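The values are calculated or read from the model by the stated rules, or taken from the named source; none is laboratory data. What you see is a predicted model; the values in this text were computed from it and never measured. Heads up, the Cβs are rebuilt from the backbone with ideal geometry, glycines too, and the neighbour counts pull from every protein chain shown.
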Amino acid sequence: MTERTNEIGKTAERPLLDHLNELIARARRALISLVVAFVIFFFFEVKEVSFLGFNFPILYPDLFNSIASDFIRLFIHTELPPQIQLLNLNPFDTLFSAAYVAFFLSMFIALPVIVHEIWGFVSPGLYENEKKMAKLVILPAFILFAAGSSFSYFIIIPVMMKFVLIYTTSLGVEPTLSLRAFISTVMSLMLTVGVAFEYPLVMSILTLGGIVKASSWRKNWRYGVLGAFIIAWFISPGTTGGVIETTIGVTLSTLYFVGVIAAYFAERRRKSNAI
C-alpha cells in the first residue's frame, strides 16, 4: 500500500528482542557520551602547550582547577555581588557544586549524541512528513533553549542577587550564601527558563500537527498570557517580591505572541503540504 505500511510491515517482522537490543545499545552510547563529557569537565582543565612555536590546547588532569571549577569562579565573579559572602556549609559542598556544573555542561555537550540516538531509534516508525517536522524542530529548540538560559544568566540571576543583597542589608543581616545553594540556583534557573522559552515552538508544533488552529491561539491569548505568568510563578525562586516573576511572565507573554505568528506560518505550511 503506502511507504508507511511497508515500514510497519518491516518493523513488525523484527522480534521484540531486536528492538530491546537496539534500544539498549543506543542508550549505552548516549550514556557513555554523557559520562565521558562529565569526566572531562569534572576532572580536567584546559592547558596550552607550545610546540614548534605554536600553542595548542590540551586536557590536563586537575581536579582543583577543572573546567567545572573555572565555571564556578566565573559564576561567582559575574553573577554574585561582591558584598555577598559565599560559605562552604558542608564538607563536600564544593565537590557537589562542581559536579552539578559538570553535569549541566556534559548534558549540553552530549545532547547532539543523545538526540541522534533517539532519532535513530524512533525515525523508522515515523511518516515522512513527521520526519521532516522533527528535523525542523531540532535547531529552533536548541536556539530557544540557549536564548532562555542566556536570559536567565544575564538578566534574571543578577537582578535576583542584587535584590537579595538589598533586602538582606536592610534587615541588618550579614549577606551570606551557601556555595551549593548559589550554584544550584544558577543551574536550576538556567535550565528551567531555557525550557520555558520553548513556549512558541510547542505552539507551532501543535498547529503544524493539526491539533490546534492558529486562530485558536489568537482568540485565547488571555489564557496564553495567564499560562505565561503561571509558568513564571512556578520557575521563579520567589525571593524578589514579584520582580522576577513579572519579568519572566512578560517575557513569556511576548514569546506567546511570537508563537501566535509562528503558528500561522506553520498552519500555512501544513495546508500547502496537504495540497
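Looking at 74, 136, 86, which one is under 30 Å from residue 157 (Cα atoms) and assigned to a helix (DSSP H, G or I)?
74
What is the residue count in the range 92-151 for residues that are β-branched (Val, Ile, Thr) and over 26 Å from residue 273 (Cβ atoms)?
5
How many residues, within the range 5-24, are at pLDDT 80 or above and surrounded by 12 or more Cβ atoms within 10 Å (Cβ to Cβ)?
Going through the range 5-24 one residue at a time, the tally reaches 2.
Which one is modelled with the lowest pLDDT, of the residues in the range 257-275 that are surrounded by 20 or more Cβ atoms within 10 Å (Cβ to Cβ) and out of contact with any Phe, Trp or Tyr (no Cβ under 9 Å at 6 or more places or on another chain)?
Only one residue fits best here, namely 266.
If a residue must be closer than 23 Å to residue 102 by Cβ and of a type in the set (Gly, Ala, Ser), how many such residues does the range 48-70 contain?
So the answer is 3.
Listed residues 254, 176; which is surrounded by 14 or more Cβ atoms within 10 Å (Cβ to Cβ) and either within 27 Å of residue 74 (Cα to Cα) or not aromatic (Phe, Trp, Tyr) (or both)?
Selected residue: 254, the only one of 254, 176 that is surrounded by 14 or more Cβ atoms within 10 Å (Cβ to Cβ) and either within 27 Å of residue 74 (Cα to Cα) or not aromatic (Phe, Trp, Tyr) (or both).
Where residues in the range 156-187 are outside any helix (DSSP H, G or I) and either hydrophobic (A, V, I, L, M, F, W, C) or in contact (Cβ under 8 Å) with a residue 60 or more places away in the chain (or both), which of them is nearest to residue 102 (Cα to Cα)?
178
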